[in-house]
Amino acid sequence: MVFVLQAWWAARALAIAEELAPDLQDAIAHGDVPKARTRLDAFKHATSRAHHATDGPLWWLGAHIPIAGRNVDAVRTIAREGDAIATQALPKIVDVADQVRLETFRPKKGRVNLAAVARTLPVMSSTRRVLLRADREVSPIEVGRLAGPLQKPVGDFQHRIHVAFVAVSSATDAGNLMPEMLGADGKTRRYLMLVLNNAEVRSLSGMPGSVAVITTRRGKIKMGKQGGIHDIPPLEHAAIKISAEKKAGFQTSIATDMRDATIVPDFPRAAELAAAVVGKRWHQRFDGVVAIDPVALSYVLAGVGSINVGDGLVLNQGNAAYTLLNGVYVKYPTNINRQDDVFELAARRTFDALVDGHGDSVTTVRGLVRGVQERRVMLWTRSSRLEHRIHRGGISGALSDDRKRPEVGFFVNDAASTKMEYFLRMGSRLRSLQCGSDGAQLLKLSTEIRSEAPQGYRRMSLSVTGLGRYVAPGNMRLHGLVMAPLGGRIVAMWVDGQRAPVGATTYKGHQIAQFARVLPPGETSLVTVQMVTAPRYNGAPLLRTTPGIFANEDAAGASACN
C-alpha cells in the first residue's frame, strides 16, 4: 500500500513539473527573471517530491522485480534526473536569465555581440554537463514496454530532456565557436553555404542546389556571391583525392560535381568535397561550410516572418518546403534559370532577415535548433581545433565515433536526376535482439520506403519526373546505403523478401551494403538488415537516416545488454 501511494505521489509530482516546464523555458528564453524564479520554485518543489517519493529501499527492490521492475526503474530514473536538473542546472540559468536568453545569440543589424555571448558560457557549460548525464540516463528507457499510464508522461519527459540537452549543447558550442568563426581577431573568414534540395535526395538530406559565400569579421556577417548548379559545372578532374571513398565504392563524381558531394553520409567529408569543387570554379578557399535544407529554412521563417521572392511567390513557414521543393518546378517547368533564382532569393532574403534581427528571436533560434536536431543544419570548419569542438555536437553531421553506442545508418540517393523524392516517405526500426558474452549486440534494422506520388504523375512537370532517361516518368530510382556500426559487420540483407548481396567494402571503419530500387507511385519497399556490433559496444544503438521532406518514422530500441 505504501509503495502504491508513493508511486501515485511521484506520478502526480512529475505531471505538475511537466506542466510547469514550458512556462519556465519561455521565461528563461525571454530573459524574464522574476517569472523564471517563480516558475523554478514550483518546478523544484514538484521534482523534489517525486525524487523523495521514489528514493528508498522499497523502490530499489521494486526496480529488480521481473517485468514490473522496468516501470519502477523508469519512474525512479525520471524523478532522480528531473530533480538534478531542477537543483543543479536551472538555478544558475535563472540567476542570469537576462544574459542567457536566446536573444543573445542572434545578430542585430548584421552583427553578433560576441562579448555578450562570452558572458553566457560558464553557465551554459555547467548546464550542458547536467543535461548530458540526464539524457544518457533517460534515453535508454523503452517507453513502449512500460505500463500504459506511464508511457505518455515518461515519453514526454524523455523527449523534453533530449530537446533541452541538444538546445543547450548547440548554444554552448555556438558560444565557444563564434569568436574565431566570426573573426573576433579582425581577420576575414569565408564560408560556403549550401542549400540542400531534398526533392533530389542525397544521403545527407538533398542535392546542393544553391550556394553562397558568407564572410565574417569582428562579428559582422555578410552574404556575397551566389550561384546555382548551372553556375558551377562539373570539373574534368577530381578537386581533391578520394582514395578512401573509391575503395568504399562511392562514385568519383563526388569530387568533380558539387551536386554529388552529399552522397557521402559524413558531413565533414562532404563539406570538404563541396568546398573543393566550388573553390576550384570560383578560385576561392573556404574556411568552412554550412548547410541547410528548405525544411529547416521553414523553421527559421516561423521566427523571421514571410519573405517575397518575386513573381507572386511569398515564402512562409507553411509553404516554404512545398514551394522550393515542388511548387517552383510546377510554376516554371522549363525555366531552369528562374528555378535557380527562387532558391537563391530564398536563401539571401532569409539570411538578410536573420542577420538583421527581424522577427521573434526565440522562435528563430528554436527553429535553428530543431534543424540541428533533425540533421538539416550542419557545419564544418577547416580548423581542426574548432572542428573537434563541432564534432561533439549534433551540428557536425559526422559519423559517430562513440565507443559504447553503436551507430547504424540507412541512407538513400536519387539515381535518376529527378525531383520525385518530394513524394518519398521513410521509416526505420532498429532493435537489439541479443547480447553476446563479449558485449557485442545482434541488431535488426527494418526500413520501409514508400512513394506517395499522386496517380496523375504523368501530367506532372518534366522538371519533377525527369526526361525518362534513367527511369520511367513518375518512378523513383533510388540507390541505398546501409552502414554497419563502427567495427561491426553486416550479416545479411533482404530487399522485399529477397536475399541481397552484402559487399565487403568499408568506409571509416563502417561496413557498407548497397542496394538499388525502382519505386513506382504508390508502391512500398521493405529493406531488412541483420548486423553485429564490435565487442563491448553494449550501449543503446543509435539510428541515423536521410532526412526527408517530412520527419522519418524512426525508432531505436534499448540495448539487449542492459
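The values are calculated or read from the model by the stated rules, or taken from the named source; none is laboratory data. What you see is a predicted model, and the numbers here were worked out from it, not measured in a lab. Cβ sites come from the backbone with ideal geometry, for glycine too, and all protein chains shown count toward neighbours.
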Open item on the list: Six or more apart or on different chains, Cβ atoms under 6 Å: show the pairs whose first residue is in the range 231-260 and hydroxyl-bearing (Ser, Thr, Tyr) and whose second is assigned to a loop (DSSP other than H, G, I, E, B) and at pLDDT 95 or above.
Closed with: 256/234; 256/235; 256/238
Task: Filter pass, residue 428 being within 23 Å of the chain's Cα centre (by Cα) and either in the same structural domain as residue 520 (by TED's automatic domain parsing) or hydroxyl-bearing (Ser, Thr, Tyr) (or both) - done: yes
TODO: Kindly provide the set of residues from the range 481-504 that are in a strand (DSSP E or B) and not polar (S, T, N, Q), ordered by number.
DONE: 481, 482, 483, 489, 490, 491, 492, 493, 494, 495, 499, 500
Open item on the list: Filter the range 245-265 down to the residues that are under 24 Å from residue 388 (Cα atoms) and surrounded by fewer than 22 Cβ atoms within 10 Å (Cβ to Cβ) and list them by number.
Closed with: 245
Open item on the list: Which count do you get for residues in the range 175-204 that are modelled with pLDDT of 95 or more and within 21 Å of the chain's Cα centre (by Cα)?
Closed with: 14
- [ ] Output the number of residues of the range 439-480 satisfying the condition of being in a loop (DSSP other than H, G, I, E, B) and out of contact with any helix residue (DSSP H, G or I) (no Cβ under 7 Å at 6 or more places or on another chain).
- [x] 14
Task: Failed criterion for residue 417 (all others in (1) out of contact with any helix residue (DSSP H, G or I) (no Cβ under 8 Å at 6 or more places or on another chain); (2) surrounded by 18 or more Cβ atoms within 10 Å (Cβ to Cβ); (3) closer than 30 Å to residue 476 by Cα; (4) modelled with pLDDT under 95 hold) - done: (2)
Task: Residue identified as closer than 30 Å to residue 184 by Cα, buried (at least 23 other Cβ atoms within 10 Å of the Cβ), modelled with pLDDT of 95 or more and touching a Phe, Trp or Tyr at 6+ places or on another chain (Cβ under 6 Å) among 211, 289 - done: 289
- [ ] Can you work out which of the residues in the range 247-258 that are polar (S, T, N, Q) and not in a loop (DSSP other than H, G, I, E, B) is farthest from residue 199 (Cα to Cα)?
- [x] 252
TODO: Being over 25 Å from the mean Cα position of the chain (by Cα) and of a type in the set (Gly, Ala, Ser) is the filter here, so list the residues in the range 226-285 that pass it.
DONE: 227, 238, 239, 243, 244, 249, 253, 279
Task: Count - residues of the range 405-438 that are charged (D, E, K, R), in a strand (DSSP E or B) and under 25 Å from residue 259 (Cβ atoms) - done: 2
TODO: Answer yes or no as to whether residue 405 is farther than 17 Å from residue 176 by Cβ and not assigned by TED's automatic domain parsing to the domain that holds residue 206.
DONE: yes
- [ ] Please tell me if residue 454 is modelled with pLDDT under 95 and under 22 Å from residue 328 (Cβ atoms).
- [x] yes
Task: Selection status of residue 543, farther than 17 Å from residue 423 by Cβ and outside any strand (DSSP E or B) - done: no
Task: Per-region count, the range 374-404, residues in contact with a helix residue (DSSP H, G or I) (Cβ under 8 Å, 6 or more places away or on another chain), outside any loop (DSSP other than H, G, I, E, B) and of a type in the set (S, T, N, Q) - done: 2
Open item on the list: Checking residue 193 against (1) crowded, with 18+ Cβ neighbours inside 10 Å; (2) in a helix (DSSP H, G or I), only one condition comes out false. Which one?
Closed with: (2)
TODO: Exactly one condition in (1) modelled with pLDDT under 95; (2) among the charged types (D, E, K, R); (3) under 30 Å from residue 401 (Cβ atoms) is not met by residue 311; state its number.
DONE: (3)
- [ ] Hey, could you check the range 495-527 for residues that are surrounded by fewer than 17 Cβ atoms within 10 Å (Cβ to Cβ) and polar (S, T, N, Q) and say which is nearest to residue 475 (Cα to Cα)?
- [x] 524
Task: One residue from 274, 261, 244, 238 being over 20 Å from residue 213 (Cα atoms) and part of a helix (DSSP H, G or I) - done: 244
